[in-house]
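Handing you this structure, nothing more for now.
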Amino acid sequence: MTRLHKRRALLIGTEHYDDSRFAPLPSTQADAWGLGQVLRHRNIGNFVSIQTETDLTADDMRLAIGEFLTACDEDELALLYISGHGVRGRGRGLASV
């Protein structure tokens with residue numbers, strides 16, 4: 001088994017939504033910050049690159065995820081973390097936010 005030396009993460013927190021059915025989630029910023037601290041820690045995650053995004057539109061989220069994955073090399077560990085309301089969206093992937 002090959003050891004993955006390069007580790008990259010994209011952390012997305014969505015606190016505010018354009019849809020009034022979804023209440024704000026202020027804890028998403030703390031979620032992303034806390035996970036980022038763990039991933040940065042040399043003896044725990046030891047990630048070399050951590051990108052954090054907040055309150056993206058659905059289109060911007062898709063774009064950020066696509067760019068993140070495209071930039072990853074085959075020998076990297078890539079972590080995508082999304083903190084927000086969970087919405088099931090009929091097979092389309094990321095539901096509109």
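Ordered by residue, what ³J(HN,Hα) values in Hz, to whole numbers, does the range 63-77 give under the Karplus form 6.51 cos²θ - 1.76 cosθ + 1.60, where θ = phi - 60° and Gly and Pro are x?
Listing the rounded values in order: 5, 4, 5, x, 5, 4, 5, 5, 6, 7, 8, 5, 9, 9, 8 Hz.
Just check the range 1-74 against the gyration tensor rule for me: Cα atoms, a ≥ b ≥ c as the square roots of the eigenvalues, rounded for a/c under 1.5, and otherwise prolate or oblate depending on whether a/b exceeds b/c.
On the way: a/c = 3.76, a/b = 1.62, b/c = 2.32.
Oblate is the answer for the range 1-74, as a/c is 1.5 or above yet b/c matches or exceeds a/b.
Suppose accessible area is computed on protein heavy atoms with a 1.4 Å probe; arrange Arg7, Arg21 from highest to lowest. Spell out each step's value before the answer.
Values: Arg7 55, Arg21 185 Å².
In descending accessible area the options line up as Arg21, Arg7.
Once amide H atoms are placed 1.01 Å from N in the peptide plane, what residues at a sequence separation of 5 or more from Ile50, or on another chain, have their amide H within under 5 Å of its amide H?
Ala9
The values are calculated or read from the model by the stated rules, or taken from the named source; none is laboratory data. As the structure is a prediction and not an experimental result, all values here were calculated from the model. Please note that ligands, DNA and RNA were not included when accessible areas were found on the heavy atoms of the full protein model with its side chains. Shrake-Rupley method; radii C 1.70, N 1.55, O 1.52, S 1.80 Å.
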